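S.K.: Handing you this structure, nothing more for now.
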Amino acid sequence: MSTPFILFDFTKDSIISSWRVIDDGVMGGKSKGNFSLNEEGIGIFKGQVSLANNGGFSSVRYRFKPKDISSYNTFVIRLKGDGKLYQFRAKSNIKEAHSYIAKIPTTGDWQTIKIPMDTMYPAFRGRSLNISNYKGALLEEVAFLIGNKKEEKFRLEIDYIELYNYE
């Protein structure tokens, strides 16, 4: 196991201005998400998913200058969900329309999720694509998304996102 590469570690002093909420409002939907930092220094992504106007998703995205992550093969994320299913998404290039996706079932307790990069499948607007899974060479954006085809309130707490190389 390698030394971790810390992509983001939330603390009381974290600057979260690079984290942006993008809801289905970009397509006319009515879902509303919010991202903030709580008193303990945990990132909080919460809101309401609405199916009105063909909506149905909310996401929070963290974009940064391209990072060479070729010496890592696994995302490790510590989070606490609300028992709902979320997606963790990675983009190797923000100019590409698709993301690479891993589904994360949450339990309501703190979890440390390990996501092998090569298990993340490519998709665009909810449709899987017939191209290779994530190769993990470059990384320019990560995101969390909820879109379970139903109206629901949601809350996801995020402690950190790290990268490891598990041999």
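S.K.: Would you point out which residue out of 167, 141 is part of a strand (DSSP E or B) and of a type outside the set (A, V, I, L, M)?
M.R.: Working: 167 fails: part of a strand (DSSP E or B).
From the options 167, 141, the qualifying one is 141.
S.K.: Can you spot a residue in segment 145-166 that is at positive phi and either among the basic types (Lys, Arg) or in contact with a Cys (Cβ under 8 Å, 6 or more places away or on another chain) (or both)?
M.R.: yes
S.K.: Is there any pair with a first residue in segment 115-134 that is touching a residue at least 12 places away in the same chain (Cβ under 8 Å) and a second that is of a type in the set (Asp, Glu) and not in a strand (DSSP E or B) whose Cβ atoms are under 6 Å apart and which are 6 or more apart or on different chains, and what are they?
M.R.: What qualifies is 133/118.
S.K.: As an exercise: evaluate residue 87 against (1) modelled with pLDDT of 95 or more; (2) outside any strand (DSSP E or B) and give the number of the one condition it does not meet.
M.R.: The single condition residue 87 does not satisfy is (2).
S.K.: Still on this model: Could you please find all residues in segment 23-57 being aliphatic (A, V, I, L, M) and either free of Cβ contacts under 8 Å to residues at least 60 places away in the same chain or open to solvent by 50 Å² or more (accessible area, probe 1.4 Å) (or both)?
M.R.: In the first step, residues of segment 23-57 are kept if they are aliphatic (A, V, I, L, M); the result is 26-27, 37, 42, 44, 49, 51-52.
Listed by number, the residues that qualify are 26, 27, 37, 51, 52.
S.K.: In this structure, does residue 129 turn out to be within 19 Å of residue 61 (Cα to Cα) and among the hydrophobic types (A, V, I, L, M, F, W, C)? Steps first, please.
M.R.: Working: within 19 Å of residue 61 (Cα to Cα): no; among the hydrophobic types (A, V, I, L, M, F, W, C): yes.
In short, no.
S.K.: While we're here: Looking only at segment 85-104, count every residue that is out of contact with any Phe, Trp or Tyr (no Cβ under 9 Å at 6 or more places or on another chain) and open to solvent by less than 20 Å² (accessible area, probe 1.4 Å) and tell me the total.
M.R.: Summing the residues that are out of contact with any Phe, Trp or Tyr (no Cβ under 9 Å at 6 or more places or on another chain) and open to solvent by less than 20 Å² (accessible area, probe 1.4 Å) in segment 85-104 gives 0.
S.K.: Return the total of residues in segment 70-99 being over 17 Å from residue 19 (Cα atoms) and touching a helix residue (DSSP H, G or I) at 6+ places or on another chain (Cβ under 8 Å).
M.R.: Going through segment 70-99 one residue at a time, the tally reaches 4.
S.K.: Can we say residue 112 is assigned to a loop (DSSP other than H, G, I, E, B) and either modelled with pLDDT of 95 or more or touching a Gly at 6+ places or on another chain (Cβ under 6 Å) (or both)? Please lay out each step first, then the result.
M.R.: Working: assigned to a loop (DSSP other than H, G, I, E, B): no; either modelled with pLDDT of 95 or more or touching a Gly at 6+ places or on another chain (Cβ under 6 Å) (or both): yes.
When the stated conditions are applied, residue 112 does not pass them.
The values are calculated or read from the model by the stated rules, or taken from the named source; none is laboratory data. In this text, all values refer to a predicted model and were calculated from it rather than measured experimentally. Virtual Cβ from ideal backbone geometry, glycine too; neighbours counted across all protein chains shown. Each accessible area value is taken on the protein alone, full model and side chains, heavy atoms only, with ligands, DNA and RNA left out. Shrake-Rupley method; radii C 1.70, N 1.55, O 1.52, S 1.80 Å.
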